[in-house]
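Before any comments, here is the structure.
The values are calculated or read from the model by the stated rules, or taken from the named source; none is laboratory data. No experiment lies behind these values; they were computed from the predicted model shown. Positions of Cβ are generated from backbone atoms using ideal geometry, with glycine treated the same way; all protein chains shown enter the neighbour counts. Remember, those area values only see protein heavy atoms, side chains included, never the ligands or the DNA or RNA. Shrake-Rupley method; radii C 1.70, N 1.55, O 1.52, S 1.80 Å.
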Amino acid sequence: MAGRRPLALMRRRLIGVVPVFALVVLGAFALLESAPGDAVDAYLAGIGGGDAAQMAALRAEWGLDQGPLPRFLAYISALARLDLGWSTAFGRPVLDVVLARLPNTLLLMGLATGLALSLGSLLGIICGARPGSLQDRTLSLAAIALYAMPGFWLGLVLIVAFSVERRWLPSGGIETVASGLTGLDRAADIGRHLVLPVLSLGLVYMALYLRLMRDGMAELWAQDFVRAARARGMHGARLVLRHVARNALLPVVTMLGLQSAAMLGGSVVIESVFAIPGLGRLASEAVARRDTPLLLGVMLLSAMVVMLVNLLVDLAYAMLDPRVGSGTGG
Amino acid sequence: MTDLRDGPMRAPLPRRRLLAGAAALPFLPRPALAQAKRGGRLTVAADSEPPNLNPAIIASNGVFFVASKVIEPLAEADYRAKDGLAPRLATAWEGAADGRSLTFTLRQGVTWHDAKPFSSADVAFSALEVWKKHGNLGRAVFRELEAVETPDAHTAIFRFAVPTPAQLIRNALPALTAVVPKHLYEGTDIMRNPANQKLVGTGPFRFAEWRPGEYTRLVRNPTYWDQARPFLNEIVYRVLPDRAAAANALEAEEIQLAAFSAVPLADLDRIAKVPGMKVYSNGYEGLTYQLVVEINHRRKELSDVRVRRAIAHAIDRDFVVRAIFRGFAATSQGPVPKNDRVFHATDVAGYGFNPQRANALLDEAGYPRSEGGIRFRLRLLPAPFFNETRQFGDYLRQALAAVGIDATIVSNDTPAHLRAVYTDRAFDITVASPVYRGDPAISTTILFQSGLPAGVPFANQYGYENPEVDALIKQAAATIDDAERVRLYNAFQKQVTDDVALVNVAEFSFITVARDNVLNVSNNPRWAVSNWADTGFAV
């Protein structure tokens, strides 16, 4: 039975994908449709002008001479054939453009989430071990201060401190330009480039996990099972980790799923500040250039990522707490 | 970057530089060509990535910034040479007396990057099939080009259906005559040709790779016709979308040069003090941007020339140059900038800062102040292209309020602004930044010529209509005598300024910041968009 639960969960999730995707496509399409000006206007601004015949030819080529409905239907029917269309802003197939950016965003998000989760939980446990103590108050305050900081500002400060003043780390980019590095050397190079952006994105979200962990633990100290454990003579790290922290982990894991979407949003800014070619920056470029197929491609891929993360969270949840996940109620 | 610069704030050129115009430049001391060493990678800041990099199709600074190193025009702008032109793929040019033909002598011993020989057939093909049919600005300039004869491999004779001023073609050579290889374009869909992204040219650098969102890389062309050039091994354009990024990357020595004012004016004071950094305010004379107020003449109040004159009198141009451009600009009263000593007319009507006169004109026009001191209300759409266009929008609102005109600012992003102004014409006044490209016929007269269909951007969508102006534009376009052409364009400037077809406020340009070991920077009037063959690192 235990092996079947994750499968059932996945099946239910897969069915849920369809309406979510439909909403994403419809929403993004309607959004760009309602914005005045189209891809040809954006293109002409970029090239400094052109004449009416050229513009008409471009609109015909990009299918913009048709109404929103035929264009939407054409997009949907192409999508059904797994064709994401042509990006007018990049002059390349949308799939090529988004797939080239996906690994960078996943890397940035994954590492930042890892940092926020691990450091946040760790500090949360330190705080939650003795709620109200000096260490709890100091750490909580520091975390809130970080949370209150705009990510881009933190990023700029880090750049000035570690790239400009001391040339320890690169100020931007995902890897050294045409370095010719391969294998582990290349991985190390990418790692060096990701230190500052991961810190800027991760430290801000760390506070959330710290608070969740700490507050969860603070409540648990008053629970009967903790008192019982104490009565049995359990104390110290064993009590904190086994009984209190472990039970406080559930809301943290829940937050992980919710946070993945927010972090995609945060990466728009961080990717711009650090000149990382990722999905977030791509989305803002797609809007600025009225590149509807590209925006839809980014949104679909992002939705897929968020849903995948949430699926993983649900699976993890089912493992952490046997009462959830069966779908038949506990 | 785009021609209109929706990127970071741009800091323009100091006034003294703008005033030292093209015609005055032959008298400047000849700058010695500094000794650069061979080799090295020059990394520069870029803020946009045009999907189509073909300069024969798209004459824009964003395209030229990269493409001018790979694909060459027939001639390039020069501070000292005759007609302000240095030879590139053409070594000589001669216009016929009747204006019906223009003969180019082409450079010999030139090969394309794919090793095929360059010949007059490439020039003929580029002119007839690319510039004339697809060039965003070339279509207008080469409209009457009928045929290109190629009596031998190194001669191209352009034949025009109507007399065409050789002066105009000469002025158009740097920007509108990029030659592309016939063997790659013939018989293909030119707009969709893969060579529009993977450029193949005759220039000092070859196209190596484009990583969207990251960088574009060019490498040295070992078989360049000028065997002594180029000095650099590589040029890398790093995409830096954030406003602070270029300054930081320069300081961290990750890039060595930022052109087109990629370093914001606000950071310029600090950057200029960093040891090893050099600030150049010249090298953009061939691409002057103009700060103008566009006026919708269909609006009843604005159809009265007295109201338009009042608006022109309400603006303190000196204040604008001082406060908004921090001195890096020059005031302007007409459609041809001062730095074009050939065409700039000095005897146009000047509209000095005079709010009393503005108030009197508005009273006279029959728009007295009503309750709250307001005469009438306007929609003001500042173009989002530059920080300065937006800031001037704020200033203009205050300046108009002082004379009783209540302007409401409507902010749009770039595509929405283009749609509102040039297609829907849903504006009363705007703040715009048209480019003057070395000859009034290239992209300036179109701001005043009537009868254009809606949807053509950076053109007269203003409802301005003066048959005399239309006649002058038409006549000048077919006048082959240089002096007569100048006289006609002077009359044109006088007329549109009298009419206040639009209000010219200032002329501005850009700043280049570079490491001081980068040599031969800003040594021609279109430096950022020229080939950088002589640019290199200090020994």
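Values computed for the structure shown
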item	result
A:L122 paired with A:A56, simple spin-label distance in nm, labels 7 Å along Cα-to-beta-carbon	6.6 nm
Solvent exposure of the range A:211-290 as accessible area per residue, Å², 1.4 Å probe	43 Å²
Cα-based helix-to-principal-axis angle, B:355-364 vs chain B, degrees rounded to 10	60 degrees
Rounded to the nearest 20 debye, dipole of the protein assembly as shown from Cβ charges on Lys, Arg, Asp, Glu	2700 debye
Cut-off 14 Å (backbone N to label point 7 Å along Cα→Cβ of A:W153), residues of the range A:193-228	A:204
3J(HN,Hα) from dihedral phi, the range A:81-98, Karplus parametrisation 6.51/-1.76/1.60, rounded to Hz, x for glycine, proline	8, 6, 9, 7, x, 10, 7, 6, 6, 10, x, 9, x, 4, 4, 4, 5, 6
Accessible area of the range A:89-226 belonging to carbon and sulfur atoms, whole % at 1.4 Å probe	68 percent
B:T91 long-range amide H proximity, modeled H, under 5 Å	B:T105, B:L106, B:R107
Evaluated over the range B:70-198, the Cα radius of gyration and Dmax, each in Å	13.9, 41
Heavy-atom accessible area, 1.4 Å probe, ligands and nucleic acids excluded: residues of the range A:89-123 down by at least 50 Å² from chain alone	A:F90, A:R92
Average accessible area per residue (Å²) across chain B - probe 1.4 Å, nucleic acids and ligands excluded	34 Å²
Amide H contacts of B:E146 (H built 1.01 Å from N, under 5 Å, at least 5 apart or other chain)	B:R159, B:F160, B:A161
Cβ-derived FRET efficiency at R0 45 Å, B:E209 paired with B:A147, nearest 0.05	0.70
Size of the A/B contact, given as accessible area buried on both chains, probe 1.4 Å, in Å²	3900 Å²
For B:A46, residues with placed amide H under 5 Å, excluding near neighbours	B:R238, B:V239, B:L240
Extension gain, A:R166 back to A:A188 (0.36 nm per residue minus Cα-Cα distance, nm)	6.0 nm
Carbon/sulfur fraction of accessible area - chain B, other protein chains in place, 1.4 Å, %	51 percent
Estimated inter-spin distance, B:N517 and A:L181, nm [label 7 Å along Cα→Cβ]	2.1 nm
Theoretical FRET efficiency, 1/(1+(r/R0)^6), r = Cβ-Cβ of B:A349 and B:D318, R0 25 Å, to 0.05	0.90
If the convex hull is drawn through the Cα atoms of the protein assembly as shown, its volume per residue in Å³	202 Å³
In degrees, nearest ten, helix B:387-401 long axis to first principal axis of chain B (Cα)	10 degrees
Partners for B:K300 among lysines (Cα-Cα distance below 30 Å; same-chain residues under 8 apart left out)	B:K474, B:K494
Phi-based couplings in Hz for the range B:95-111 (Karplus 6.51, -1.76, 1.60; Gly and Pro marked x)	x, 6, 4, 7, x, 8, 8, 9, 9, 9, 9, 9, 5, 9, x, 9, 10
In sequence order, calculated HN-Hα J values of the range A:180-192 (Karplus, 6.51, -1.76, 1.60; Hz; x Gly/Pro)	x, 6, 9, x, 5, 4, 5, 4, 5, 5, 4, x, 4
Candidates A:I276, A:I144, A:I125: whichever shows maximal mean-square fluctuation once chain A is modelled as a Gaussian network with Cα springs under 10 Å	A:I144
Crossing angle, helix B:467-477 versus chain B [Cα axis fit, 0-90 degrees, rounded to tens]	10 degrees
Beta bridges by DSSP in the protein assembly as shown, antiparallel share as percent, to the nearest 5	80 percent
Separation between Cα centres of the range A:136-199 and the range A:91-106, rounded to whole Å	23 Å
Kirkwood Rh and Cα Rg combined as Rg over Rh, evaluated for the range A:1-136	1.18
For the range B:445-489: rounded, prolate or oblate by the Cα gyration tensor [a/c cutoff 1.5]	prolate
Full-stretch length increase - B:R369, B:D83 - with 0.36 nm per residue and alpha-carbon distance subtracted	97.7 nm
Kirkwood Rh (inverse of mean 1/r, distinct Cα pairs), chain A, angstrom	22.8 Å
Bins of 10 Å, starting at 0 and running to the largest distance - Cα pair percent for chain B	4, 18, 29, 26, 16, 5, 1, 0
Residues along the range B:128-150 losing 20 Å² or more of accessible surface when the other protein chains are present rather than the chain by itself (probe 1.4 Å)	B:N136, B:R139
Overall form of the range B:398-517 per C-alpha gyration tensor (a/c, 1.5; a/b vs b/c)	oblate
Choice from A:G27, A:G128, A:G173 showing the highest fluctuation, given a GNM over chain A with Cα pairs closer than 10 Å	A:G27
Cα gyration tensor category, rounded, prolate or oblate, for the range A:44-114 with a/c compared to 1.5	oblate
Separation between Cα centres of the range B:316-335 and the range A:1-52, rounded to whole Å	45 Å
